Amino acid sequence: MNLKLSLFLFCFMAVFTGCGKDQPYAPQENPQEDSQEEAQTQVKDAKVLVAFFSFTGTTKSAATKLAGLNDGTLYLIEPETPYGSENSNHYDKSTRAYQEQYGPASVRPAIKKTLKDADGCDIVLLGFPVWYGKAPRVVFSFLDSYSFKGKTVVPFITSGSTGISSAASELKSAYPDLSWKTGDRLNDKSTEQLKSWLESLGIKVK
Ligand SMILES: Cc1cc2nc3c(=O)[nH]c(=O)nc-3n(C[C@H](O)[C@H](O)[C@H](O)COP(=O)(O)O)c2cc1C
């Protein structure tokens, strides 16, 4: 064997066996699968908090079903002063709901702070009706009142027709420290659809 051929063979072996140095790119045992499995296990065992605000009961109904499907804790976000029935008139600019939604973004109506063990949950399903395209300000009051930093938060809405995207992106930019997941509009979803939605979030259903 001549010198050139010997050199070539040596380099070939060195590269493909990784000999003579650390192996930074040495294949691990399916690292991606491992981490996926770990993430799934974490979420499957997750303690779910279903926190919601509801004015006329539609969101409450969706929230109650969700909590029932995964043994989650159901929690009503309750304003200190309830919204009167006059707020149902969307066209009346003098209502409290209208004034709050179109007022400064810093508006935070007082809520009852009765949630126990906010720290104990791993994932928050955050439900609310869409008010003038956005989340009602009491939802912001709720997020300000407890520390969900680093926790997964998944918004869900009910609405006349508006989708979730504007409300979700406003929340996401107001609370960038939370780990937001894409939410959904849950009007009229069947139990099977709600189960699939929870499963798509990695939440174990009963
Ligand atoms: C003050 C107010 C504003 C609303 N704004 C919207 C809106 O912008 N888009 C929409 O599709 N529905 C809107 N709705 C309808 C509610 O989002 C819808 O009826 C919702 O399902 C009610 O949920 P709840 O029963 O949990 O309060 C509004 C309702 C109220 C009372």
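For E78, the residues whose amide H sits under 5 Å from its own are K112, ignoring neighbours fewer than 5 places away on the same chain, with H placed 1.01 Å from N. For the pairs K134/K195; K65/K172; K172/K195; K93/K189, note any where the Cα-Cα span goes beyond 29 Å. Exceeds cut-off: K93/K189. Distances between placed amide hydrogens fall under 5 Å for L178 paired with G150, all partners being 5 or more residues away or on another chain. A straight chain from E80 to T182 at 0.36 nm per residue would run longer than the Cα-Cα distance by 33.8 nm. Summing charges over all other residues whose Cβ lies under 9 Å from the Cβ of L69, with Lys and Arg as +1 and Asp and Glu as -1, gives +2.
Read the figures in this text as sums done on the coordinates, not as results from a lab. Since we're looking at a predicted model, the values are computed, not measured. FYI the Cβ positions are ideal-geometry reconstructions off the backbone, even for glycines, and counts take in every protein chain you see.
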